[in-house]
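Here is the structure we will look at, set down as structure tokens.
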Amino acid sequence: MRTRLRDFVTALAGLLEQRPEEPQLLQQGAQLLQQLVLHDDWLPIAYAQPDSQRYQQYLLHADSLRRFSVVSFVWGPGQQTPVHDHTVWGLIGMLRGAEIAQGYAWQEGVLREQGSALRLGPGMVEAVSPRIGDVHRVSNAFDDRVSISIHVYGANIGEVRRSVYLPDGARKDFISGYSNLTLPNIWGLSAEAVTP
Ligand code: FE
């Protein structure tokens, strides 16, 4: 249904308008995101395209006050992120396929895996933030097909200066940008082809 993304954006902006504390924001935002990813019938094909070299991050919406952004993450078979942080709150909703998220935490000055890896299937939502755990590595759970998750962040994430962590623990500056050059039209609801 073509209004799903628009309805999510409008509802999330309304939630942020109430200036909730982060726990409430993450809880209610997760419910909204879950409603979005429970149905895989709205993501335009252009924002679901994998790349053979690298996972893709397509901006779907940027809030005009830069309070949040919505991104489709498209994983080619076997692709994964480096270990990285976000510096702002984030919600990850699984739309198609599955991904594995492994959290990391600092222990005695060393970044180590924390807890066991979480497998996200369609309709599941996970949260990150500097308060609850902000460093992770995310991988496509499949090495033979594409997976797609919808990410929401408490900033225009493509411009946020943040960090990746190399295997030896070294920190590297990182600004993700976005993979797309155009945005989906969610307001006029023109007839865009959608998958599947
Ligand atoms: Fe992440």
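The values are calculated or read from the model by the stated rules, or taken from the named source; none is laboratory data. This is a predicted model, so every value here is computed, not measured. Reconstructed Cβ throughout: ideal geometry from the backbone, glycine too, with neighbour counts over all protein chains shown. In case anyone asks, the SASA skips ligands and DNA or RNA and just uses the protein heavy atoms, side chains included. Shrake-Rupley method; radii C 1.70, N 1.55, O 1.52, S 1.80 Å.
Select from the range 139-157 the residues that are touching a strand residue (DSSP E or B) at 6+ places or on another chain (Cβ under 6 Å) and not in a strand (DSSP E or B) and list them in ascending order.
Passing the criteria: A141, N156, I157.
The single condition among (1) open to solvent by 40 Å² or more (accessible area, probe 1.4 Å); (2) in a loop (DSSP other than H, G, I, E, B); (3) more than 17 Å from L120 (Cβ to Cβ) that D7 does not satisfy is (2). Condition check: more than 13 Å from the ligand (Cβ to nearest atom), open to solvent by 30 Å² or more (accessible area, probe 1.4 Å), touching a residue at least 60 places away in the same chain (Cβ under 8 Å) and acidic (D, E). Does D144 satisfy that? The answer is yes for D144. The residues of the range 118-149 that are within 14 Å of the chain's Cα centre (by Cα) and under 17 Å from L25 (Cβ atoms), listed by number, are V125, E126, A127, V128, S129, D134. Total residues in the range 61-106 satisfying the condition of being open to solvent by less than 10 Å² (accessible area, probe 1.4 Å), more than 11 Å from the ligand (Cβ to nearest atom) and not small (G, A, S): the figure is 6. Cβ separations smaller than 6 Å between residues 6+ apart or across chains give the following pairs from the range 13-36 residues that are farther than 17 Å from V128 by Cα to residues that are in a helix (DSSP H, G or I): L15/Q28; L36/R4; L36/F8.
Yes or no, residue by residue, for (1) out of contact with any helix residue (DSSP H, G or I) (no Cβ under 9 Å at 6 or more places or on another chain); (2) closer than 16 Å to G123 by Cβ; (3) at pLDDT 95 or above:
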{"site": "E22", "(1), (2), (3)": "yes, no, yes"}
{"site": "Y58", "(1), (2), (3)": "no, no, yes"}
{"site": "H84", "(1), (2), (3)": "yes, no, yes"}
{"site": "G93", "(1), (2), (3)": "no, yes, yes"}
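When the range 14-43 is filtered for residues that are of a type in the set (A, V, I, L, M) and under 17 Å from the mean Cα position of the chain (by Cα), the ones remaining, listed by number, are L25, L26, A30, L32, L33, L36, V37, L38, L43. Among the residues of the range 107-138, how many are without any contact (Cβ under 8 Å) to a residue 24 or more places away in the chain and either surrounded by 19 or more Cβ atoms within 10 Å (Cβ to Cβ) or in a strand (DSSP E or B) (or both)? Result for the range 107-138: 9.
Please work out if E126 is farther than 25 Å from P20 by Cβ and out of contact with any helix residue (DSSP H, G or I) (no Cβ under 6 Å at 6 or more places or on another chain).
The answer is no for E126.
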